[in-house]
Amino acid sequence: MSTALPLRVLFLVAALAVIATPRTVRAQTPPAANACRTCHASLTDARLATPANVFAQQDIHRESGFGCVDCHGGDATAADKARAHEAARGFKGVPAGQVQIATCARCHSDAELMRRFSPRQRVDQSAEYVTSVHGKRLATGDTQVATCASCHGAHGIRLVKDAKSPVFPTNVAATCGACHASQTHMARYKLTNGSPLPTNQLAEYQRSVHYAALTTGNDLSAPTCNDCHGNHGAAPPGIGSVANVCGTCHAVFSQKFATSVHQQIFDKGCVECHSNHAVMKPSDEMLGTDAHAICTTCHNGKDDKGAVAADAMRGGIERLKTALDRSGALVARLRNAGIETGAEELALGEARVHLTLARTEMHTFDPGHVEPVIAEGLKTVANVESAGARGVAELQYRRRGLALSLGAILLVVVALAMKIRQLDRTLR
Amino acid sequence: MVQRVVDWVDERVDLSGLRHFIAEKGVPVHTQKIWYYLGGMTMFLLAVQIFTGILLLLYYRPSATEAYESVQFIVTRVPFGWLIRNIHSWSANLLMAAAFAHFFSVFLLKSYRKPRELTWLTGILLLFLMLGFGFSGYLLPWNEVSFFATKVGTGIAGAVPIGGKFFLRLLRGGDDVTGATLSRFYGLHVAVLPALTTVLVAVHLLLVQRQGMSVPLSVERRVKAGEPLRQMPFFPHYVLRDVLTWYVAIAIVAALAAFYPWELGKKADSFAAVPPGIRPEWYFLAMFHTLKLVPSHVLGFEGEHLGVVGFGIAALFLVFVPFLDRRSNRGENSPVFTVLALLGLTYLVTFTIIGHYAR
Amino acid sequence: MTRITDVRGPLDPADFNRRTFLDAVLAVGFVSTAAAIAYPVLRFLAPPANAETETATAVAGKAGALKPNSGVIFRFGSKPGIVVRTADGDVRAFSAVCTHLDCTVQFKADTSELWCACHNGTYDLGGNVVSGPPPRALEKFVVNLRGEPGDEDIVVSRA
């Protein structure tokens with residue numbers, strides 16, 4: 001009895017342990033012993049062999065302990081094709097369309113599961129997807145739209161932060177462009193007014209400052225397709241929300257714009273002047289009523305209040321720029337001549353800040369807001385000019401000193417010449 | 001009072017030789033005597049350079065991180081620093097002009113003939129040293145223009161066929177123009193070249209004093225025929241004239257310093273691209289432009305090599321001119337060398353002008 | 001060399017007064033030009049008040065005047081700098097030139113951050129970007145205190 005009791009307790013504990021273990025989706029046989037791979041790798045048809053090989057080389061799911069059957073179903077231990085591909089064992093073939101969304105969401109929308117692998121990762125992707133244009137069209141039966149694997153891949157999946165991932169920030173535009181820049185692919189889609197869906201967005205985007213910042217500027221926070229259109233809930237920002245979208249980064253401009261008259265008038269918000277995909281570096285020439293200005297698209301003629309306001313704001317900015325150039329040249333001249341100009345250069349820097357502020361303030365489209373900033377800048381420049389005047393006075397002082405010395409030298413030269421003549425006379 | 005001091009020294013150090021020399025020394029008087037002033041002018045401007053140079057080196061810092069700022073400091077913060085620096089920069093150019101003018105006048109007047117071969121030799125070496133001063137000093141402000149001019153100039157030095165690479169590394173203190181180059185050029189500019197110059201100037205002046213002033217061939221022939229040589233006493237007649245020219249030089253340099261200040265420029269950035277149209281100072285311009293015009297390959301040789309060797313041969317020729325010009329040694333007119341001198345002068349002037357306006 | 005025959009002729013009485021007047025003028029001339037040369041040279045030799053180049057170091061004010069959780073703009077060469085005392089008393093200095101578009105940053109006491117008014121860029125008290133458009137951190141300077149205890153100067157220099 002004394003030996004049997006511990007044994008029974010042990011058996012009881014073991015049984016409880018087996019019962020108590022939660023039923024979870026867990027990896028089945030390790031990939032090394034995966035019969036799927038063994039068979040598929042030896043096939044001659046690349047369509048069947050490549051996915052297995054790619055999955056074996058580099059895949060985040062495989063590294064986390066998942067295998068073929070976790071998405072495709074079936075029996076990974078069976079060497080026989082019929083047994084491995086049995087529907088009774090859950091084999092689904094290639095998941096596509098809604099089935100694919102459900103397959104991915106089975107894990108990726110399960111918060112408890114994802115917490116075990118990547119606690120910070122979101123679990124609402126499929127919920128977002130349903131609201132997207134892609135998701136809505138899929139629901140109507142269109143199988144040509146993007147699903148999970150279209151952007152993330154299926155077998156060689158990498159983490160988003162992996163630079164080779166198709167959804168790494170620098171690669172996103174090309175991934176979206178694989179469909180959206182293809183005329184053949186997009187030909188069947190039309191805008192609400194019946195005209196064909198444009199396919200030039202990728203080309204336009206590649207001309208933009210955002211693209212340049214992302215690629216050559218190495219600024220990974222620069223926006224690409226998903227930053228404005230959304231990730232899984234991808235859709236163009238609606239009318240009235242463009243300024244909000246741009247404003248997530250360009251907060252100050254969007255705030256100023258929100259107070260302006262254009263906020264109610266512009267359907268497309270910021271895009272009206274700055275374009276949506278080909279966003280270029282803005283210049284002062286865009287403001288005003290001359291040849292290159294954008295304001296003239298709507299505002300023309302002297303009676304147009306908008307034209308008057310545009311001219312006023314541009315005029316103010318140009319006045320400040322002229323004053324800055326003039327003072328800058330004076331200070332440079334003084335510096336070269338050897339006058340200490342550190343304080344003046346500092347003040348000029350301050351004045352240039354006002355130029356930047358004026359260009360921001362301009363987005364209120366109200367000269368009444370822009371003028372005070374310009375005036376402040378001009379006042380600073382005026383201070384520099386008065387300091388510059390002192391520098392010029394110093395230069396004059398030097399020249400007077402020179403004139404005095406030259407006078408003394410001239411005296412000596414004349415006296416010497418006379419002395420020489422005198423000595424020559426005595427020589428003869 | 002001065003006499004008392006002189007007498008005191010005379011009691012201890014026998015000054016009779018010196019007194020006699022001063023009383024006796026005369027300067028020939030003839031139509032070409034104006035050229036005599038150039039030697040003294042060169043010497044005076046050299047003295048100005050040494051004086052202002054010593055003042056500058058009290059504040060200048062020869063390191064890549066501080067050189068530019070120290071020059072800026074001198075020019076903006078040190079009282080009259082702008083004046084000293086500008087005088088140094090302008091007088092450098094005037095010194096080069098005076099040295100070349102002195103050289104050409106001696107060349108054309110054949111003053112190098114016997115017995116003045118050594119004077120000519122030391123003089124030519126001094127001319128090369130002056131070019132060295134100009135080249136080394138130009139880098140010291142460490143601004144964009146001087147950095148790239150040095151880069152191009154030392155690059156040309158590297159084009160010497162034998163030992164060019166070694167020579168380039170020797171000049172640059174490495175493979176590129178860096179702070180090491182600055183240190184090296186500073187050492188050259190304030191120590192090595194001044195030491196060599198002192199020795200050579202001493203020999204040059206000693207020879208001139210011992211041998212007296214040379215006269216043009218025509219005058220020499222007349223004197224040989226029995227005509228007395230017209231002279232003026234060196235002291236005080238000639239000395240006062242010399243001092244007059246020096247005062248005029250001071251006036252010119254001071255005016256230039258006040259009206260045309262030398263710019264500070266932008267601090268050198270070794271990673272920046274060479275600005276287009278970079279050129280050396282005017283005294284190197286003829287040589288530089290010639291090298292630019294030489295085609296890249298001539299008869300199987302690299303154009304630049306040929307150019308550099310050509311200049312080397314010309315320099316060597318100049319050194320040996322007194323030994324090559326037999327006719328002037330005999331006291332005869334030597335039109336070949338006159339023509340050569342005029343050709344040389346024309347070439348230098350023309351190519352300097354072309355080089356200045358070329359884009 | 002031919003000997004000089006005559007150095008000086010007899011003193012002509014008529015020349016006498018002119019001679020001494022000329023000599024006097026000459027003497028005055030020499031002395032005044034010598035003074036005109038000596039004066040700038042002597043002034044040059046005397047070192048200026050601030051012997052160090054201002055682009056390398058600057059004095060940013062008195063340590064006692066800088067309260068905890070406050071910042072002050074000062075001039076560093078030709079650019080603005082900002083010296084900050086954290087709530088713990090630590091003194092730090094940065095370039096006040098915003099790395100976005102060169103506006104001047106300021107200290108915000110309520111958030112204890114450095115803020116740029118132009119486009120809302122914010123930096124923490126290590127100079128690192130917290131939010132907004134600035135692409136890089138603010139340049140950090142080295143801070144030293146120099147002088148009598150209780151009356152120290154804050155001396156800022158390039159790293």
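Quick notes on this one:
- Debye intensity ratio in log₁₀ form over the Cα atoms of the stretch B:25-357, taken at each q of 0.15, 0.16 Å⁻¹: -1.37, -1.50
- Pairs of alpha carbons in the protein assembly as shown whose separation is greater than 47 Å (percent): 55 percent
- Placing unit charges on each Cβ (+1 for Lys and Arg, -1 for Asp and Glu) gives chain A a dipole about its Cα centre, and among A:HIS274, A:VAL99, A:ASN383 the Cα reaching farthest toward its positive end belongs to A:ASN383.
- Pairwise centroid distance, computed over Cα atoms, of the stretch B:110-173 with the stretch A:212-243, Å: 60 Å
- Shown here for the stretch A:325-416: trypsin sites (Lys or Arg not before Pro) in loop regions (DSSP other than H, G, I, E, B) with at most 14 other Cβ atoms within 10 Å, of which there are none.
- Taking 0.36 nm per residue of separation and subtracting the current Cα-Cα distance, fully stretching the chain between B:LYS114 and B:VAL192 would add 25.0 nm.
- Cβ-Cβ distance of A:SER221 and B:LEU57, R₀ of 56 Å, FRET efficiency by 1/(1 + (r/R0)^6): the value works out to about 0.65.
- From the C-alpha gyration tensor of the stretch C:57-158, square roots of 5λ in Å: 23, 15, 10
- FRET efficiency, 1/(1 + (r/R0)^6) with R0 60 Å, evaluated for A:SER283 and B:PHE323 via beta carbons: 0.30
- P(r) for the stretch B:267-359, from all Cα pairs and a bin width of 5 Å, is 3, 11, 15, 17, 16, 15, 10, 6, 3, 2, 1, 1 %, short bins first.
- Long pairs among B:LYS151/B:LYS292; A:LYS419/B:LYS110; A:LYS321/B:LYS266; A:LYS190/A:LYS268; B:LYS151/B:LYS266; A:LYS256/A:LYS305, criterion Cα-Cα beyond 27 Å: A:LYS419/B:LYS110
- Using equal-weight Cα scatterers in the Debye expression, the normalised intensity of the stretch A:289-401 in log10 at q = 0.09, 0.24 Å⁻¹ is -0.33, -1.20.
- Shielding by other protein chains, A:417-423, mean Cβ within 10 Å: 6
- FRET efficiency, B:LEU131 to B:ALA273 (Cβ-Cβ, R0 35 Å, nearest 0.05): 0.80
- On Cα atoms only, tilt of B:144-157 relative to the major axis of chain B in degrees: 80 degrees
- Computed Rg/Rh of the stretch A:220-325, alpha carbon atoms with Kirkwood Rh: 1.02
- Against the compact-protein benchmark of 2.2 N^0.38 Å, the Cα-based radius of gyration of the stretch B:14-87 scales to 1.78.
- Global form of the stretch C:38-107, assessed from the alpha-carbon gyration tensor, a/c cut-off 1.5: oblate
- Net charge dipole, the stretch C:57-158: roughly 260 debye, given to the nearest 20, about the Cα centre with Cβ charges of +1 for Lys and Arg and -1 for Asp and Glu.
- Residue exposure sequence - B:ARG12, C:ARG136 - by fewest surrounding Cβ within 10 Å: B:ARG12, C:ARG136
- As a proxy for reagent exposure, B:TRP142, B:TRP35 were ordered by neighbouring Cβ count within 10 angstrom, fewest first; the result is B:TRP35, B:TRP142.
- Euclidean distance of C-alpha centroids, the stretch A:408-428 and the stretch A:40-65, integer Å: 106 Å
- Only one residue of A:SER132, B:PHE288, C:ALA34 has its Cα farthest out toward the positive end of the dipole of the protein assembly as shown, where Lys and Arg carry +1 and Asp and Glu -1 on Cβ, and that residue is B:PHE288.
- Cβ charges +1 (Lys, Arg) and -1 (Asp, Glu), total dipole of the protein assembly as shown, debye: 2340 debye
- Solution diffusion estimate, µm²/s, Stokes-Einstein, the stretch C:110-159, Kirkwood Rh from C-alpha pairs, 25 °C, viscosity 0.890 mPa s: 193 µm²/s
- Dipole-positive endmost among B:GLY331, B:TRP262, B:THR65 within chain B (Cβ charges, Cα centre): B:GLY331
- The label-point distance for B:THR65 and C:LYS62, in a model that sets each label 7 Å from Cα toward Cβ, rounds to 3.2 nm.
- Stokes-Einstein diffusion coefficient of chain A, Kirkwood radius over Cα pairs, 4 °C, 1.567 mPa s, in µm²/s: 44 µm²/s
- Stokes-Einstein D for the stretch B:218-281, Kirkwood Rh over Cα pairs, 37 °C, 0.692 mPa s (µm²/s): 187 µm²/s
- Taking N as the residue count of the stretch B:231-320, its C-alpha radius of gyration divided by 2.2 N^0.38 Å amounts to 1.79.
- Folded to 0 to 90 degrees: helix A:46-57 orientation relative to chain A principal axis, Cα: 70 degrees
- Helical runs (DSSP H, four residues minimum) scored at -39500 (n - 2.57) apiece and divided by the length of chain A put the mean residue ellipticity at 222 nm at -18000 deg cm²/dmol.
- Residues B:LYS114, B:LYS224, A:LYS268, sorted so that the one with the fewest Cβ neighbours within 10 Å comes first: B:LYS224, B:LYS114, A:LYS268
- Magnitude of the charge dipole, chain A, Cβ model with Lys/Arg +1 and Asp/Glu -1, debye to 20: 1160 debye
- Equivalent ellipsoid of the stretch A:80-133: semi-axes from √(5λ) of the C-alpha gyration tensor, largest first, are 27, 16, 7 Å.
- Relative to the dominant Cα principal axis of chain A, helix A:4-20 is inclined by about 60°.
Just so you know, all these numbers are worked out from the coordinates, no wet-lab data involved. Only a predicted model underlies this, so the values are computations on that prediction, with no experimental measurement involved. Cβ: placed from backbone, ideal geometry, glycine included. Neighbour counts: every protein chain shown.
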